Amino acid sequence: MNTTRIIGAVALATAAALTLGACAASETPASGVDASTATSIADFGSFAELEAAAKAEGALNVIALPRDWANYGEILDLFIERYPEITVTEAAPDASSAEEIQAAENLRGQDTAPDVFDLGLAVALQSTDYFAPYFVERWDDIPAELKHPDGLFWADYGGYMAIGYDPDAVPAPTSLEDLLGEEYRGKVAINGDPTQAGAAFAAVGLATVQNGGTLDDFGAGIDFFEELNAVGNFVKIDPTPATVASGETPVVFDWDYLNNGYAAELDGQRNWEVVVLPGTGYAGYYNQAINVDAPNPAAARLWMEFLYSPEVQNLWLKGGARPALEASMVANGEIDQALYAALPAAPEDTVVPTAAQSEAAAALLGERWAAAVQ
């Protein structure tokens, strides 16, 4: 991972082996609550008792949370400041969604296993056996289309797939066809492998709907990247602020909030423009989940409650992403109006894959992607 106005009638959306440590020893709090089976604050008795249980554990393991991704740095720092009793370990910040699940498998039963996940939809749908059901206090304010009905995972922040580009290196792209031109030779990148990473999956989804296809069949999107690769324009480098700054990835398919983050971070070093292509837009959310084998189950649940507070939902907004509680926060007067007004206009025609479409697309990508871009 280095991605309204709740986006139309949004359907539930998209979206390493680590060193083994000592065996975890999850303790039952003094209140008698088994945090690993708690499905809401009510199971702890109160929010204060949840906080006390998490502080008693004294640790939280997060994974695949780049600090330059949708304002995660400020969000992590706020949690660390608020709960100094809880040591936060930030593992593998650039791991993909699939690598998060692999880490949970490899580290099962260890105190270094991830407590929580941040995942693209395709991987979340394939990994529900790894998730503990939980219903955050603001559960009812998360649109039904953005949450698993059994509380296994739920959307948190999202945006639109966009193209970022260096105007000093390439002309402004106005369509997918432009990217096949000589001016883009060896210059176009996507954020990861679409069989593993949500942002890359969405790049193929955008290419699908912009290339005459539908979300029922990602074939048109795969065909586009196969052609892009064949003409020598597809560069197989995962983009980061460093690769953008160095000029290695002058054109990047990524979520609008991440591309805008590149522009902000590199201000004064590299010009960076962001365009959402005219025509059909592709929207998606990332999803939160709790590891069913979390070594720090109370801290995992406290982290989720923290993320779904209006304060932190506004921090997603500060990072240019659209928070899952957007509609509720607007209705309740909780949204940061200045940040909200600064969001770019949403495409008039927006699509988001359903769960079934995401599963079908993931299967097709597994069959075709490697051969298409080899």
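Miscellaneous remarks
- Estimated from helices alone, the mean residue ellipticity of the chain at 222 nm is -10000 deg cm²/dmol (sum of -39500 (n - 2.57) over DSSP H runs with n ≥ 4, per residue).
- Straight-line cross-link partners of K187 among the lysines, defined as a Cα under 24 Å from its Cα and at least 8 positions apart when in the same chain: K236.
- Global form of the range 283-374, assessed from the alpha-carbon gyration tensor, a/c cut-off 1.5: oblate
- Length added when fully stretched, D77-S175, from 0.36 nm per residue minus Cα-Cα: 31.4 nm
- Whether the range 320-370 is rounded, prolate or oblate, judged on the alpha carbon gyration tensor where a/c under 1.5 counts as rounded: prolate
- Positive dipole terminus of the chain, leading residue within Y165, P353, P84 (C-beta point charges): Y165
- Net charge dipole size for the chain [Lys, Arg +1 and Asp, Glu -1 on Cβ; Debye, nearest 20]: 100
- The packing ranking of peptides 247-255, 172-180, 330-338, highest mean first, is 247-255, 172-180, 330-338, where packing means the average number of other beta carbon atoms within 10 angstrom of each residue.
- Taking every alpha-carbon pair under 8 Å whose residues sit at least 6 apart, the range 296-372 reaches a relative contact order of 19 percent.
Every read-out reported here was derived from the displayed coordinates using simple, explicitly stated rules and does not represent laboratory data. Since this is a predicted model, take the numbers as computed values, not measurements. Using ideal geometry, Cβ is built from the backbone for each residue, glycine included, and neighbour counts are taken over all protein chains shown.
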